[in-house]
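A.B. asks: What follows is a single structure, and I will ask about it in a moment.
Each value in this text was obtained by applying a stated rule to the coordinates, not by laboratory testing. Predicted model, so just to flag it, every value in this text is computed and none were measured. Methodologically, a virtual Cβ is constructed for each residue, glycine included, from the backbone with ideal geometry; neighbour enumeration extends over all protein chains shown.
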Amino acid sequence: MATEVTPVDEVELTGSSVTYSPENPAPVIEPPRARTKRTPRSTRTNFELYGWLFMRLSGVVLVVLVIGHLLIQLVLDGGVTKVGFAFVAGRWASPFWQGWDLVMLWLAMLHGGNGLRTVINDYAEQANTRFWLKTLLFAAVAFTIVLGSLVIFTFDPNIR
Amino acid sequence: MSTPTIDEHSSALDEAEQGTSHLITVTLRIRRFNPEVAAEADWVDYQLPIDPKERVLDALHKVKWEIDGTLTFRRSCAHGVCGSDAMRINGKNRLACKTLIKDINPEKPITVEPIKGLTVLKDLVVDMEPFFQAYRDVMPFLITKGNEPTRERLQSAADRERFDDTTKCILCAACTSSCPVFWNDGQYFGPAAIVNAHRFIFDSRDEGGEQRLEILNDKDGVWRCRTTFNCTDACPRGIEVTKAIQEVKRALITRRF
């Protein structure tokens, strides 16, 4: 049977509990970031369109690049044990592998960064949280891309 | 010569006349919220005998009319056309008036909740205003240029077929409130608004498609769709909602390139 709804005046007040009544109703249960009456102003940019397209195209290219990279590094020709300074120096002597690694670095960082950006937009409820998480993300992406590119271009096999 | 009389009733006939043999006992577990009593919503169980071929709406009526009159929910036509009684039944968005008790496992308690992502006002009633605001924002009306024709605006059967699926929308909000992106961010237009934009974007008589595409190209438009297909599953009219959203995306891309 139905659980009886206790009339308000019979509720025993304990500690911090508050009495709610038709004159003093509790706040309604609101969802995060509700749409307001005001129509959002159109920004008239194609950023989200290009972002969406970039995810699809870079994804296709990354499948080839990353699987190729994993095969070379971990499977073919003795597996992971062969990877050392000499191995990397040998590969980066060729502009082809330099280009491969550079393209893979940029695409992977931008693809992953854009993916995380959408995750933050979807899940971070506070405008402030969104802003700081995205700032942190962009800083991390920029740092990794700059450092990685720098190493690929200025790599010196005779460093020792 | 014998005429059947009351005295000659068999026990089976008696039972049928009582009309209870086909009833089963179900438990309705309803998410109730009354801001005039408590600040938090909680689950309340109601047990009632009901014909398994009845609908969840009939069970809700039985609760409201015979057990607890304070239960609050919306319904108007009660036949799946007005779109008032969308609710989350056993964790899925459905119309209470189109869901039969026998189809949702009456052995276990049947959970009934308000649709998610909208402000709960009382029990199963939510504030639909943000939903309708998103609908209005895509301009769901015919936009044309030039003089009005003296006769009706003609359209071929093939042109009408192009957007036939999205004309079926009854604005019940089952799709929008099943969308995980909408749950977290009500700024997203949501599937229902995009479906109703699709209905005019692909209408050969309409000339405002460009404006609507521009609106949906924005950061809270179609690009926030994650193609989880929750909306297609939820739609009580069987509209292929995710497909319609994808068609708008495709139109945006082919317009640009």
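A.B. asks: Rounded to the nearest 5, what % of the DSSP beta bridges within the protein assembly as shown are antiparallel ones?
C.D. replies: Antiparallel: roughly 85 percent of the beta bridges in the protein assembly as shown.
A.B. asks: Summarise the long-distance tail of P(r) for chain B by giving the % of C-alpha pairs beyond 35 Å.
C.D. replies: Numbers: 10334 of 32896 pairs.
That tail contains 31 percent of the Cα-Cα pairs.
A.B. asks: Still on this structure, please answer the following. Of the candidates A:VAL28, A:VAL63, A:VAL80, which one comes out as most mobile in a Gaussian network treatment of chain A with C-alpha springs shorter than 10 Å?
C.D. replies: Answer for the Gaussian network model of chain A: A:VAL28.
A.B. asks: Hey, another quick one. Tell me whether chain A comes out rounded, prolate or oblate; compute the Cα gyration tensor, take square roots of the eigenvalues as a ≥ b ≥ c, and use a/c under 1.5 as the rounded threshold.
C.D. replies: Working: a/c = 3.51, a/b = 2.62, b/c = 1.34.
Because a/c hits 1.5 or more and a/b exceeds b/c, chain A counts as prolate.
A.B. asks: Still on this structure, please answer the following. Provide the net charge surrounding A:LEU136, with neighbours chosen by a C-beta distance below 12 Å and charges set as Lys +1, Arg +1, Asp -1, Glu -1.
C.D. replies: Details: positive: A:ARG117, A:ARG130, A:LYS134; negative: none.
Local charge sum for A:LEU136: +3.
A.B. asks: For the protein assembly as shown, evaluate the Debye formula with one uniform point scatterer on each Cα (no solvent term) and list log10 I(q)/I(0) at q = 0.11 Å⁻¹, rounded to two decimals.
C.D. replies: -0.98
A.B. asks: May I pose another question? Give me a single rounded figure for B:118-127: the average over its residues of other chain Cβ atoms within 10 Å of their Cβ. Could the numbers behind the result be given before it?
C.D. replies: Details: counts 5, 6, 4, 2, 2, 0, 0, 0, 3, 4.
Neighbouring Cβ atoms belonging to other protein chains average 3 per residue here.
A.B. asks: List every DSSP H helix in chain A whose Cα atoms extend 20 Å or more along the helix's own long axis and whose mean Kyte-Doolittle hydropathy is at least 0.5. Numbers along the way, then the final one.
C.D. replies: Values: long enough: A:47-70 (32 Å, 1.68); A:95-123 (41 Å, 0.25); A:127-154 (40 Å, 1.51).
Answer set is A:47-70, A:127-154.
A.B. asks: When we measure straight from the Cα of B:LYS219, which lysines land under 19 angstrom away, once same-chain ones fewer than 8 places off are left out?
C.D. replies: Cα-Cα hits under 19 Å: A:LYS37, A:LYS134, B:LYS249.
A.B. asks: Okay, moving on. Greater than 18 Å separation of Cα atoms is the criterion. Which listed pairs, B:LYS62/B:LYS98; B:LYS122/B:LYS168; B:LYS64/B:LYS122, meet it?
C.D. replies: Working: B:LYS62/B:LYS98 16 Å; B:LYS122/B:LYS168 29 Å; B:LYS64/B:LYS122 14 Å.
Flagged as over cut-off: B:LYS122/B:LYS168.
A.B. asks: Where a Cα-Cα gap under 17 Å defines reach, which lysines qualify for B:LYS108, not counting those fewer than 8 residues away within the same chain?
C.D. replies: List returned: B:LYS53, B:LYS92.
A.B. asks: Right, something else. Taking chain A as a Gaussian network, where each spring joins two C-alpha atoms under 10 Å apart, which residue of A:THR19, A:THR129, A:THR45 fluctuates the most?
C.D. replies: A:THR19
A.B. asks: With unit charges on the beta carbon (Lys/Arg positive, Asp/Glu negative), name the residue among B:VAL37, B:CYS77, A:MET55 whose Cα is farthest towards the positive pole of the charge dipole of the protein assembly as shown.
C.D. replies: Result: A:MET55.
A.B. asks: Let me ask something else about it. Using just the Cα positions, wrap the range B:69-170 in a convex hull and report its mean projected area in square nanometres, one decimal place.
C.D. replies: Values: hull surface 41.4 nm².
The Cα convex hull of the range B:69-170, projected and averaged over all directions, gives 10.4 nm².
A.B. asks: Mind checking which lysines have their Cα closer than 29 Å to the Cα of A:LYS82? Skip sequence neighbours fewer than 8 apart in that chain.
C.D. replies: none
A.B. asks: Which residue fluctuates most in the GNM of chain A (Cα springs below 10 Å): A:ARG91, A:ARG44, A:ARG117?
C.D. replies: A:ARG44
A.B. asks: Within the range B:13-116, report the trypsin sites (Lys or Arg not before Pro) that DSSP leaves as loop and that have at most 14 other Cβ atoms within 10 Å.
C.D. replies: Values: sites: B:ARG29, B:ARG31, B:ARG32, B:LYS53, B:ARG55, B:LYS62, B:LYS64, B:ARG74, B:ARG75, B:ARG88, B:LYS92, B:ARG94, B:LYS98, B:LYS102, B:LYS116; in loops: B:LYS53, B:ARG74, B:ARG75, B:LYS116.
Those that pass, being in a loop and sparsely packed, are B:LYS53.
A.B. asks: Tell me the net charge near B:CYS179. Cut-off is 14 Å between Cβ atoms, B:CYS179 excluded, with +1 for each Lys or Arg and -1 for each Asp or Glu.
C.D. replies: On the way: positive: A:ARG33, A:ARG35, B:ARG88, B:LYS92, B:LYS116, B:ARG224, B:ARG226; negative: A:ASP122, B:ASP185, B:ASP220, B:ASP233.
Charge balance in the 14 Å sphere: +3.
A.B. asks: Once you measure Cβ to Cβ distances between cysteines in chain B, which Cys have no partner under 4.7 Å?
C.D. replies: Result for chain B is B:CYS97, B:CYS169, B:CYS172, B:CYS179, B:CYS225, B:CYS235, no neighbouring Cys Cβ within the cutoff.
A.B. asks: Also, quick follow-up: How big is the dipole moment of the protein assembly as shown about its Cα centre under a simple scheme where the beta carbon of each Lys and Arg is +1, that of each Asp and Glu is -1, and everything else is neutral? Debye, nearest 20, please.
C.D. replies: Here the size comes out at about 2600 debye.
A.B. asks: While we're on this one: Lys and Arg at +1, Asp and Glu at -1: add these up for the other residues within a Cβ distance under 10 Å of B:GLU214 and post the number. Provide the component values of the computation, followed by the final result.
C.D. replies: Values: positive: A:ARG44, B:ARG212, B:ARG255; negative: B:GLU210, B:ASP218.
Every neighbour counted, the sum reads +1.
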